[in-house]
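Asker: Got a structure for you, written out below as structure tokens; questions coming shortly.
The values are calculated or read from the model by the stated rules, or taken from the named source; none is laboratory data. This one's a predicted model, so the numbers in the text were calculated from it and none came from an experiment. Because the Cβ atoms are built from the backbone with ideal geometry, glycine has one as well, and the counts that use them run over all protein chains shown.
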Number of protein chains: 2
Amino acid sequence: MNTIKIFCPATIANLSCGFDVLGLCLETAGDEMIIRKSSEKGIRITKIIGADLPMETEKNVAGVAALAMLEKVETDFGFEIEIYKNIKAGSGIGSSAASSAGAVFGINELLGRPFTRKELVLFAMQGEKLASGNAHADNVAPALLGGFTLVRSTNPLDIIKIKSPSELYATVVHPQIELRTSDARSVLKQTVSLTSAITQWGNVGGLIAGLYTEDYELIGRSLHDEIIEPLRSVLIPGFDLIKQTALDNGALGSGISGSGPSIFALSKGKKAAEKIAKAMSQIYKNMDLPYEIHVSKINDEGIKVVI
Amino acid sequence: MNTIKIFCPATIANLSCGFDVLGLCLETAGDEMIIRKSSEKGIRITKIIGADLPMETEKNVAGVAALAMLEKVETDFGFEIEIYKNIKAGSGIGSSAASSAGAVFGINELLGRPFTRKELVLFAMQGEKLASGNAHADNVAPALLGGFTLVRSTNPLDIIKIKSPSELYATVVHPQIELRTSDARSVLKQTVSLTSAITQWGNVGGLIAGLYTEDYELIGRSLHDEIIEPLRSVLIPGFDLIKQTALDNGALGSGISGSGPSIFALSKGKKAAEKIAKAMSQIYKNMDLPYEIHVSKINDEGIKVVI
């Protein structure tokens with residue numbers, strides 16, 4: 001096999017209570033990449049469609065992730081990467097993670113899988129480091145492993161994959177405003193009250209328990225964030241109204257996707273997720289704000305080969 | 001049935017990462033209580049053996065918990081309670097919780113179970129409020145429900161019972177010093193760093209995941225507390241040495257039981273738990289400090305009728 005085409009899914013990180021540790025993988029939103037072996041050693045980005053991103057390997061997240069991987073494996077050939085972006089940069093649904101994860105996943109396939117998907121996370125994190133200054137795993141982990149992922153620790157890396165309950169769907173609305181991860185980080189406070197922290201880790205425990213027991217109501221009760229959301233949600237137009245509308249229309253819970261501006265809602269079943277999408281859309285239509293919306297089952301497989 | 005004898009188990013709250021939310025139930029350490037119907041209405045404490053505790057109903061945790069329950073159910077008779085304490089007050093393994101839980105469990109049995117075990121938690125919490133000023137559930141929940149319990153929220157009360165992995169054992173050593181819950185509370189800080197809080201909720205997630213998947217290694221990696229333990233452990237003689245000794249002898253993890261001074265270790269299998277007990281004991285022998293030690297399987301049933 002000399003060429004591979006892959007689907008690189010969008011992801012939702014944080015999931016309200018799980019700031020910096022939880023994420024999930026989407027099925028119907030994502031990029032595509034084509035990766036092929038080339039006689040020339042090294043990594044070259046040969047095409048980028050759908051986004052204005054650097055073609056230089058060392059400045060591109062996919063390039064940097066691939067280079068980190070090639071440091072750990074001997075090859076007497078190189079790779080060319082074509083990137084077809086559908087996930088907008090700065091959307092909050094893991095645009096850089098999709099490219100970073102895609103590059104290392106695709107090359108690993110072409111090399112005959114010297115690494116497990118979990119091992120690939122470390123390489124993909126280098127792409128995240130280029131994108132945001134922080135080698136975090138909360139988007140690349142669900143992109144590579146699928147389902148829900150818990151990043152218990154980044155040093156040493158310890159990731160737990162949790163299978164998604166079978167009827168769980170996500171609705172994600174992306175208001176077309178720019179919100180840089182660095183700006184979303186700058187509003188955070190460096191300390192939190194012990195009381196709020198206890199509430200948060202109780203909810204993380206509840207969410208994990210709800211996922212294992214497929215208890216949708218418990219999942220919903222646990223999707224609560226009193227630490228990050230109050231600080232970041234003011235940066236997102238209509239956040240409170242969108243969230244309340246999602247809940248009023250049957251969402252189990254709703255919150256900021258990653259560092260925003262996208263807003264997610266989880267629900268039981270596709271019908272509920274579509275109803276929520278319609279209601280969320282109406283809010284932004286009324287506000288005359290352009291938006292994109294996704295309805296997706298949770299993707300338990302993660303990134304995958306298309307042909 | 002007019003008389004009931006029950007076993008009221010000791011419990012370990014907090015479990016390192018799960019401050020104020022997690023707890024587990026022991027099998028071989030606990031009190032006994034005898035409760036009987038009496039023609040005279042109300043609650044009377046008629047005997048307390050093994051501890052110097054108030055006989056007045058309103059000043060006794062078992063009495064207060066029972067009174068809270070009787071407010072919610074009509075009876076034309078009353079109850080007499082005998083308490084046989086084995087769990088020392090101030091030991092950090094749920095002495096007051098055993099009495100509070102025992103009273104409401106026993107009366108509920110004599111009444112033909114008008115309440116579920118989960119519903120009894122709310123009444124038993126009133127005993128905890130008398131004991132510590134705080135109506136917390138992290139000992140009464142595991143005492144009543146058995147196994148591991150996650151108190152996701154106290155208002156409204158939301159408790160998740162998690163079955164214990166089948167080979168999980170606890171070793172608990174109780175150095176015979178007095179450490180009041182109020183003193184153990186007073187060393188806490190009201191704020192925590194966001195970084196430590198993230199580490200903590202990652203570990204809570206990991207511990208819950210480890211319990212559901214019976215992943216003993218993951219349980220061990222998650223038993224870590226960088227928020228409360230560093231502040232409280234200085235109040236416990238030999239804490240660092242005891243903990244390190246437990247880990248060196250095969251413990252999955254070790255930490256402060258409740259608010260101390262007891263120290264717990266979890267391990268896979270009885271043999272490992274006994275080896276840890278021997279090693280822990282030797283430390284306190286060397287320090288010439290009196291201690292009690294318990295080795296127990298996790299009690300998945302919780303409080304139970306003896307005859």
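Asker: Do we have B:Arg113 as over 25 Å from A:Gln200 (Cα atoms) and surrounded by fewer than 20 Cβ atoms within 10 Å (Cβ to Cβ) here?
Answerer: yes
Asker: Please go through the range A:1-25 and give me each residue that is crowded, with 21+ Cβ neighbours inside 10 Å and of a type in the set (Ser, Thr, Tyr), ordered by number.
Answerer: Result: A:Thr11, A:Ser16.
Asker: Being of a type in the set (A, V, I, L, M), surrounded by 19 or more Cβ atoms within 10 Å (Cβ to Cβ) and not in a strand (DSSP E or B) is the filter here, so list the residues in the range B:171-194 that pass it. Step through it out loud before you land on a result.
Answerer: Pass one, the range B:171-194, residues of a type in the set (A, V, I, L, M): B:172-173, B:177, B:179, B:184, B:187-188, B:192, B:194.
Now drop any that are not surrounded by 19 or more Cβ atoms within 10 Å (Cβ to Cβ), which leaves B:172-173, B:179, B:184, B:192.
Matches in the range B:171-194: B:Leu179, B:Ala184.
Asker: Among the numbered criteria (1) surrounded by 24 or more Cβ atoms within 10 Å (Cβ to Cβ); (2) over 17 Å from the mean Cα position of the chain (by Cα), which single criterion is violated by A:Phe77?
Answerer: (1)
Asker: Can you find even one residue in the range A:227-238 that is at pLDDT 95 or above and under 30 Å from A:Ile107 (Cβ atoms)?
Answerer: No.
Asker: Can you tell me how many residues in the range A:30-50 are under 25 Å from A:Ser91 (Cα atoms) and in a strand (DSSP E or B)?
Answerer: Just the residues of the range A:30-50 that are under 25 Å from A:Ser91 (Cα atoms), to begin with: A:30-35, A:45-50.
Applying the additional criterion that residues be in a strand (DSSP E or B) yields A:30-35, A:45-49.
Number of matching residues: 11.
Asker: Can you confirm whether B:Asp138 is under 16 Å from the mean Cα position of the chain (by Cα) and of a type in the set (Asp, Glu)?
Answerer: Here the answer is yes, as B:Asp138 does meet what is asked.
Asker: Spot the failing condition for B:Leu211; the list is (1) out of contact with any strand residue (DSSP E or B) (no Cβ under 7 Å at 6 or more places or on another chain); (2) surrounded by 24 or more Cβ atoms within 10 Å (Cβ to Cβ), and only one is missed.
Answerer: Evaluating B:Leu211 over (1) out of contact with any strand residue (DSSP E or B) (no Cβ under 7 Å at 6 or more places or on another chain); (2) surrounded by 24 or more Cβ atoms within 10 Å (Cβ to Cβ) leaves (1) as the failure.
Asker: Tell me yes or no: at least one residue of the range A:145-159 is closer than 22 Å to A:Val73 by Cα and buried (at least 24 other Cβ atoms within 10 Å of the Cβ).
Answerer: Yes, that holds for at least one residue.
Residue by residue, here is whether (1) within 20 Å of B:Thr28 (Cβ to Cβ); (2) within 13 Å of chain A (Cβ to nearest Cβ); (3) of a type in the set (S, T, N, Q); (4) in a helix (DSSP H, G or I) holds:
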{"residue": "B:Leu207", "(1), (2), (3), (4)": "no, yes, no, yes"}
{"residue": "B:Glu217", "(1), (2), (3), (4)": "no, yes, no, yes"}
{"residue": "B:Ala246", "(1), (2), (3), (4)": "yes, no, no, yes"}
{"residue": "B:Ala251", "(1), (2), (3), (4)": "yes, no, no, no"}
{"residue": "B:Ala279", "(1), (2), (3), (4)": "yes, no, no, yes"}
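Asker: Still on this model: With of a type in the set (Gly, Ala, Ser) and in contact (Cβ under 8 Å) with a residue 60 or more places away in the chain as the only criterion, which of B:Ser182, B:Ser222 stands out? Explain how you work it out, then say what you get.
Answerer: Working: B:Ser182 fails: in contact (Cβ under 8 Å) with a residue 60 or more places away in the chain.
After ruling out the rest, the residue left standing is B:Ser222.
Asker: Looking only at residues in the range A:219-231 that are in a helix (DSSP H, G or I) and touching a Leu at 6+ places or on another chain (Cβ under 8 Å), which one is nearest to the other protein chains (Cβ to nearest Cβ)?
Answerer: Applying the first criterion (in a helix (DSSP H, G or I)) to the range A:219-231 yields A:219-222, A:229-231.
When the remaining residues are screened for being touching a Leu at 6+ places or on another chain (Cβ under 8 Å), the result is A:219-220, A:222, A:231.
Numbers: A:Ile219: 11, A:Gly220: 11, A:Ser222: 6, A:Leu231: 11 Å.
Result: A:Ser222.
Asker: Among the numbered conditions (1) within 14 Å of chain A (Cβ to nearest Cβ); (2) at pLDDT below 95; (3) under 18 Å from the mean Cα position of the chain (by Cα), tell me where B:Glu178 comes up short.
Answerer: Unmet for B:Glu178, out of (1) within 14 Å of chain A (Cβ to nearest Cβ); (2) at pLDDT below 95; (3) under 18 Å from the mean Cα position of the chain (by Cα): (1).
Asker: Identify the residue in the range A:4-22 that is more than 12 Å from every other protein chain (Cβ to nearest Cβ) and of a type outside the set (A, V, I, L, M) and, among all such residues, is farthest from A:Trp201 (Cα to Cα).
Answerer: Within the range A:4-22, the subset more than 12 Å from every other protein chain (Cβ to nearest Cβ) is A:4-13.
Now restrict to residues that are of a type outside the set (A, V, I, L, M): A:5, A:7-9, A:11.
Details: A:Lys5: 40, A:Phe7: 34, A:Cys8: 31, A:Pro9: 28, A:Thr11: 22 Å.
Among those that are more than 12 Å from every other protein chain (Cβ to nearest Cβ) and of a type outside the set (A, V, I, L, M), it is A:Lys5.
Asker: Being among the aliphatic types (A, V, I, L, M) and within 13 Å of chain B (Cβ to nearest Cβ) is the filter; apply it to the range A:181-198 and report the residue that is farthest from A:Ala97 (Cα to Cα).
Answerer: Going through the range A:181-198, the residues among the aliphatic types (A, V, I, L, M) turn out to be A:184, A:187-188, A:192, A:194, A:197-198.
After this cut, where a residue has to be within 13 Å of chain B (Cβ to nearest Cβ) as well, the list is A:187-188, A:192, A:194, A:197-198.
On the way: A:Val187: 23, A:Leu188: 22, A:Val192: 28, A:Leu194: 32, A:Ala197: 28, A:Ile198: 30 Å.
Among them, the one singled out is A:Leu194.
Asker: Just checking, how many residues over the range A:291-307 are among the charged types (D, E, K, R) and either surrounded by 17 or more Cβ atoms within 10 Å (Cβ to Cβ) or farther than 30 Å from A:Leu120 by Cα (or both)? Walk me through it before giving the result.
Answerer: Within the range A:291-307, the first condition is being among the charged types (D, E, K, R), and the residues that meet it are A:292, A:297, A:300-301, A:304.
From what is left, the residues that are either surrounded by 17 or more Cβ atoms within 10 Å (Cβ to Cβ) or farther than 30 Å from A:Leu120 by Cα (or both) are A:292, A:297, A:300.
Matching residues across the range A:291-307 total 3.
Asker: Working only within the range A:124-170, note down all residues that are within 30 Å of A:Pro54 (Cα to Cα), of a type in the set (Ser, Thr, Tyr) and either part of a strand (DSSP E or B) or within 14 Å of another protein chain (Cβ to nearest Cβ) (or both).
Answerer: A:Thr149, A:Thr154
Asker: Among the residues of the range A:259-277, which ones are buried (at least 24 other Cβ atoms within 10 Å of the Cβ) and of a type outside the set (Ser, Thr, Tyr)?
Answerer: Our first condition is that a residue be buried (at least 24 other Cβ atoms within 10 Å of the Cβ); within the range A:259-277, this holds for A:259-267, A:273, A:276.
Matches in the range A:259-277: A:Gly260, A:Pro261, A:Ile263, A:Phe264, A:Ala265, A:Leu266, A:Ala273, A:Ile276.
Asker: What number of residues within the range B:278-290 are in contact with a strand residue (DSSP E or B) (Cβ under 7 Å, 6 or more places away or on another chain) and surrounded by fewer than 20 Cβ atoms within 10 Å (Cβ to Cβ)?
Answerer: Final tally of qualifying residues: 2.
Asker: Output the residues belonging to the range A:1-33 that are in contact with a Gly (Cβ under 8 Å, 6 or more places away or on another chain) and aliphatic (A, V, I, L, M).
Answerer: Scanning the range A:1-33 gives A:Ile4, A:Ile6, A:Ala10, A:Ile12, A:Ala13, A:Leu15, A:Val21, A:Leu22, A:Leu24, A:Met33.
Asker: Checking B:Phe77 against (1) under 30 Å from B:Ile219 (Cα atoms); (2) touching a strand residue (DSSP E or B) at 6+ places or on another chain (Cβ under 7 Å); (3) more than 14 Å from every other protein chain (Cβ to nearest Cβ), which test does it fail?
Answerer: Every condition holds for B:Phe77 apart from (1).
Asker: Just checking, how many residues over the range A:118-142 are of a type outside the set (Asp, Glu) and touching a strand residue (DSSP E or B) at 6+ places or on another chain (Cβ under 9 Å)?
Answerer: Looking only at that region, the number is 11.
Asker: Is it the case that some residue within the range A:51-68 is assigned to a strand (DSSP E or B) and in the same structural domain as A:Asp138 (by TED's automatic domain parsing)? Quick ask: steps written out before the conclusion?
Answerer: Kept after step one, since they are assigned to a strand (DSSP E or B), are these residues of the range A:51-68: none.
No, the conditions are met nowhere in the range A:51-68.
Asker: May I ask you to list the residues in the range B:232-243 that are assigned to a helix (DSSP H, G or I) and surrounded by 15 or more Cβ atoms within 10 Å (Cβ to Cβ)? Write out each step before concluding.
Answerer: Just the residues of the range B:232-243 that are assigned to a helix (DSSP H, G or I), to begin with: B:232-235, B:239-243.
Scanning the range B:232-243 gives B:Arg232, B:Ser233, B:Leu235, B:Phe239, B:Ile242, B:Lys243.
Asker: Turning to a different aspect of this structure: Would it be correct to say that A:Asp31 is modelled with pLDDT under 95, out of contact with any Asp or Glu (no Cβ under 9 Å at 6 or more places or on another chain) and either within 19 Å of A:Thr3 (Cα to Cα) or of a type outside the set (Val, Ile, Thr) (or both)?
Answerer: Details: modelled with pLDDT under 95: no; out of contact with any Asp or Glu (no Cβ under 9 Å at 6 or more places or on another chain): yes; either within 19 Å of A:Thr3 (Cα to Cα) or of a type outside the set (Val, Ile, Thr) (or both): yes.
Answer is no for this residue.
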